[in-house]
1. Would you work out which of THR18, VAL105, GLN81 lies farthest towards the positive end of the dipole of the chain, given +1 charges on the beta-carbon of Lys and Arg and -1 on that of Asp and Glu, about the Cα centre?
2. Residue farthest toward the positive end of the dipole of the stretch 38-183, with Cβ of Lys/Arg at +1 and Asp/Glu at -1: which of GLY147, ALA120, GLN39?
3. Relative to the compact globular guide of 2.2 N^0.38 Å, what is the alpha carbon radius of gyration of the chain, as a ratio?
4. How large is the dipole of the stretch 108-183 about the Cα centre if only Lys and Arg carry +1 and Asp and Glu carry -1, each at its Cβ, rounded to the nearest 20 debye?
5. For the chain, what is the accessible area per residue in Å², given a 1.4 Å probe and the full set of protein chains?
6. With charges set only on the Cβ (+1 for Lys and Arg, -1 for Asp and Glu), what does the dipole of the chain come to about its Cα centre, in debye to the nearest 20?
7. Could you check which residue among GLN36, GLN171, GLN86 shows the biggest mean-square fluctuation in a GNM of the chain with a 10 Å Cα cutoff?
8. Rounded, prolate or oblate: pick one for the stretch 123-183, where a ≥ b ≥ c are the square roots of the eigenvalues of its C-alpha gyration tensor, a/c under 1.5 means rounded, and failing that, prolate if a/b is larger than b/c, else oblate.
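The values are calculated or read from the model by the stated rules, or taken from the named source; none is laboratory data. This one's a predicted model, so the numbers in the text were calculated from it and none came from an experiment. Every residue, glycine among them, receives a Cβ derived from its backbone with ideal geometry; neighbour counts consider all protein chains shown. Just the protein is used for accessible areas: all its heavy atoms, side chains included, with ligands, DNA and RNA removed. Shrake-Rupley method; radii C 1.70, N 1.55, O 1.52, S 1.80 Å.
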Amino acid sequence: MREMDASVAGVVGAAIGTLGAVAGGWVSVLGQGRQQQRQLQSDREHRREAARREAYGACIASTKLLSAAWWRFSDLVWDEQSTPEQWRASFTEVHEAWVQFSTAVAAVAVAGPVSAAEAAEELRVAMYEWEKAGMDWFAAALREGHGRLPDCDERFKRAWQAKRAPDRAFQQAARQALGTEQP
């Protein structure tokens, strides 16, 4: 009977040891799974932040490029020595800058969050008002044969002023989304 008890004890001990090893392995696997989940989440957050930084940077840069193109157009059309061909070339440059800007705003809409996308859309609307003022000036200059048109210049400058607040608001929304807003 003693031998039987020892045998049973040995089998039970081995079973307990095996269960302990299996349980320990299972706990280890679960821990590794949680660690992998945390790593995947961290990687997703880094990719999202990188995508946002790229989208926001492209939006800011394209806003500045579009602004610079419009100011070059304004200077050129106001110059008495400039020609309609020069205005057309400058207007083409503005159009290309608009395409880059519009694409950048769309990228912000995708990258998010909603607050940044909404701020970018408000900026796009304000930039479009400036765009319309410039397009109307271009059309008037072609009609008149010169670009020294004070009413067009005044509307152009008002639209430029009106886009400044949405420009700053977008930059603030981008800082908040990236967590770089200083307290």
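1. Going by the charge dipole, the pick is THR18.
2. Of the listed residues, the answer is GLN39.
3. Working: Rg = 32.0 Å, N = 183, 2.2 N^0.38 = 15.9 Å.
Output field value: 2.01.
4. Details: 11 positive and 12 negative charges, 32 e Å.
The calculation lands at about 160 debye.
5. Details: 11420 Å² over 183 residues.
Result: 62 Å² per residue.
6. Numbers: 22 positive and 24 negative charges, 105 e Å.
That gives a dipole near 500 debye.
7. GLN36
8. Details: a/c = 5.40, a/b = 3.58, b/c = 1.51.
Here the stretch 123-183 falls in the prolate category.
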